[in-house]
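Everything on this sheet refers to the single structure shown next.
The values are calculated or read from the model by the stated rules, or taken from the named source; none is laboratory data. Quantities reported herein were computed from a predicted structural model and do not represent experimental measurements. Methodologically, a virtual Cβ is constructed for each residue, glycine included, from the backbone with ideal geometry; neighbour enumeration extends over all protein chains shown. Side chains are part of the model used for accessible areas, which takes the heavy atoms of the whole protein and leaves out ligands, DNA and RNA. Shrake-Rupley method; radii C 1.70, N 1.55, O 1.52, S 1.80 Å.
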Amino acid sequence: MKAKVAIVASALLVAVTGSALAGYDSTRFTVDGVKIKGELEYDGTTAKAKTRTVDGDKVDYLSVDVSIKKSDGSSLGHKPKTDTNDDYVSTRIEADGGAYATGYHQVTHNGETNSKSTSTSP
(Lines give C-alpha, C1' and ligand atoms only; values in the text may rest on other atoms or scores of the structure.)
Protein backbone atom coordinates (compact mmCIF):
# COMPACT_ATOMS: atom_id res chain seq x y z
CA MET A 1 0.00 0.00 0.00
CA LYS A 2 2.84 2.40 0.83
CA ALA A 3 4.33 1.86 -2.65
CA LYS A 4 1.02 2.77 -4.29
CA VAL A 5 0.76 5.92 -2.19
CA ALA A 6 4.32 6.91 -3.17
CA ILE A 7 3.60 6.35 -6.86
CA VAL A 8 0.40 8.41 -6.68
CA ALA A 9 2.20 11.18 -4.77
CA SER A 10 4.99 11.22 -7.36
CA ALA A 11 2.45 11.36 -10.20
CA LEU A 12 0.69 14.27 -8.49
CA LEU A 13 3.99 16.11 -8.09
CA VAL A 14 4.73 15.69 -11.80
CA ALA A 15 1.23 16.88 -12.69
CA VAL A 16 1.52 19.95 -10.46
CA THR A 17 5.15 20.94 -11.11
CA GLY A 18 5.64 19.56 -14.61
CA SER A 19 8.74 17.58 -13.65
CA ALA A 20 9.78 14.60 -11.61
CA LEU A 21 12.06 14.81 -8.61
CA ALA A 22 15.71 15.00 -9.50
CA GLY A 23 18.10 12.20 -8.68
CA TYR A 24 20.72 13.08 -6.07
CA ASP A 25 24.00 11.60 -4.87
CA SER A 26 26.70 12.90 -2.57
CA THR A 27 30.07 11.84 -1.22
CA ARG A 28 32.38 13.01 1.54
CA PHE A 29 36.14 12.78 1.90
CA THR A 30 39.05 14.65 3.48
CA VAL A 31 42.17 16.25 2.03
CA ASP A 32 44.94 17.23 4.44
CA GLY A 33 42.36 17.35 7.25
CA VAL A 34 39.86 19.52 5.33
CA LYS A 35 36.38 17.98 5.01
CA ILE A 36 35.05 17.93 1.43
CA LYS A 37 31.57 17.23 0.07
CA GLY A 38 30.77 16.39 -3.55
CA GLU A 39 27.17 16.65 -4.75
CA LEU A 40 25.34 15.69 -7.95
CA GLU A 41 21.77 16.36 -9.11
CA TYR A 42 20.15 15.12 -12.33
CA ASP A 43 16.56 15.64 -13.51
CA GLY A 44 16.77 13.84 -16.87
CA THR A 45 17.90 16.91 -18.82
CA THR A 46 20.17 19.01 -16.59
CA ALA A 47 22.99 17.65 -14.44
CA LYS A 48 24.58 19.88 -11.78
CA ALA A 49 27.65 19.00 -9.74
CA LYS A 50 29.59 20.82 -7.06
CA THR A 51 32.64 20.22 -4.92
CA ARG A 52 32.94 22.23 -1.72
CA THR A 53 34.60 22.35 1.64
CA VAL A 54 32.22 21.53 4.48
CA ASP A 55 33.47 24.22 6.86
CA GLY A 56 34.13 26.97 4.30
CA ASP A 57 37.91 26.49 4.43
CA LYS A 58 39.78 27.54 1.30
CA VAL A 59 41.88 24.87 -0.41
CA ASP A 60 44.59 25.08 -3.05
CA TYR A 61 42.70 23.43 -5.93
CA LEU A 62 39.11 22.24 -6.48
CA SER A 63 37.83 20.39 -9.52
CA VAL A 64 34.46 19.03 -10.61
CA ASP A 65 33.43 17.30 -13.83
CA VAL A 66 29.83 16.42 -14.65
CA SER A 67 28.69 14.18 -17.49
CA ILE A 68 25.43 12.81 -18.83
CA LYS A 69 25.48 9.26 -20.18
CA LYS A 70 23.22 6.98 -22.19
CA SER A 71 22.17 3.62 -20.74
CA ASP A 72 25.00 1.90 -22.69
CA GLY A 73 27.57 4.13 -20.94
CA SER A 74 28.36 6.33 -23.92
CA SER A 75 28.68 10.02 -23.11
CA LEU A 76 26.34 12.80 -24.22
CA GLY A 77 28.93 15.31 -23.05
CA HIS A 78 30.75 16.52 -19.98
CA LYS A 79 31.70 19.86 -18.51
CA PRO A 80 34.68 20.22 -16.17
CA LYS A 81 35.43 23.25 -14.03
CA THR A 82 38.29 24.11 -11.68
CA ASP A 83 39.04 26.80 -9.14
CA THR A 84 42.03 27.69 -7.00
CA ASN A 85 42.28 29.13 -3.49
CA ASP A 86 38.53 28.84 -2.90
CA ASP A 87 35.99 26.75 -0.98
CA TYR A 88 33.54 25.91 -3.78
CA VAL A 89 33.32 25.02 -7.48
CA SER A 90 30.26 23.99 -9.52
CA THR A 91 29.27 23.15 -13.08
CA ARG A 92 26.24 22.05 -15.08
CA ILE A 93 25.39 20.47 -18.41
CA GLU A 94 22.21 19.86 -20.36
CA ALA A 95 21.47 17.01 -22.78
CA ASP A 96 18.41 15.05 -23.85
CA GLY A 97 18.32 11.26 -23.94
CA GLY A 98 20.50 10.55 -20.92
CA ALA A 99 19.91 7.65 -18.56
CA TYR A 100 22.16 8.84 -15.73
CA ALA A 101 24.72 11.45 -14.73
CA THR A 102 28.12 11.15 -13.11
CA GLY A 103 30.22 13.60 -11.14
CA TYR A 104 33.94 13.53 -10.43
CA HIS A 105 35.13 15.59 -7.45
CA GLN A 106 38.83 16.25 -6.79
CA VAL A 107 40.64 18.47 -4.31
CA THR A 108 44.32 19.20 -3.72
CA HIS A 109 45.54 20.95 -0.58
CA ASN A 110 49.07 21.28 0.84
CA GLY A 111 50.37 18.69 -1.62
CA GLU A 112 47.72 16.06 -0.85
CA THR A 113 45.12 15.06 -3.48
CA ASN A 114 41.96 13.04 -3.02
CA SER A 115 38.92 12.40 -5.21
CA LYS A 116 35.55 10.63 -5.24
CA SER A 117 32.81 10.04 -7.80
CA THR A 118 29.04 10.35 -7.70
CA SER A 119 26.34 8.91 -9.96
CA THR A 120 22.55 9.20 -10.13
CA SER A 121 19.60 8.75 -12.44
CA PRO A 122 16.53 10.99 -12.52
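Rank-order 58-65, 91-98, 46-53 by packing density, defined as the average count of other C-beta atoms within 10 Å over each peptide's residues, highest first.
The most tightly packed comes first, giving 46-53, 58-65, 91-98.
Could you check the simple spin-label distance between residue 74 and residue 94, using points 7 Å along Cα→Cβ, in nm with one decimal?
Once both label points are built, they end up 2.3 nm from each other.
What are the ³J(HN,Hα) values, in whole Hz, obtained from phi via the Karplus relation 6.51 cos²θ - 1.76 cosθ + 1.60 with θ = phi - 60°, for each residue of region 55-70 in sequence order, with x given for Gly and Pro?
Here the 3J(HN,Hα) series is 9, x, 5, 7, 10, 5, 8, 10, 9, 9, 9, 10, 9, 10, 10, 6 Hz.
With a 1.4 Å probe and all protein chains left in place, how much of the accessible area of region 22-122 comes from carbon and sulfur atoms, in whole percent? Walk me through the intermediate numbers first.
Working: 1960 of 5100 Å².
Looking at region 22-122 in its full context, I get 38 percent from C and S.
Got a sec to turn the phi values of region 92-106 into Karplus ³J(HN,Hα) couplings, 6.51 cos²θ - 1.76 cosθ + 1.60 with θ = phi - 60°, whole Hz, x for Gly and Pro?
8, 8, 10, 6, 8, x, x, 9, 7, 10, 10, x, 10, 10, 9
Please turn the phi angles of region 111-122 into ³J(HN,Hα) values with the Karplus equation 6.51 cos²θ - 1.76 cosθ + 1.60 (θ = phi - 60°), one per residue in order, whole Hz, x for glycine and proline.
Those phi angles translate into x, 9, 10, 9, 8, 8, 10, 10, 7, 7, 10, x Hz.
For the pair residue 32/residue 85, report the inter-label distance in nm, with labels modelled 7 Å from Cα in the Cβ direction.
Distance between the two pseudo-spin positions: 1.4 nm.
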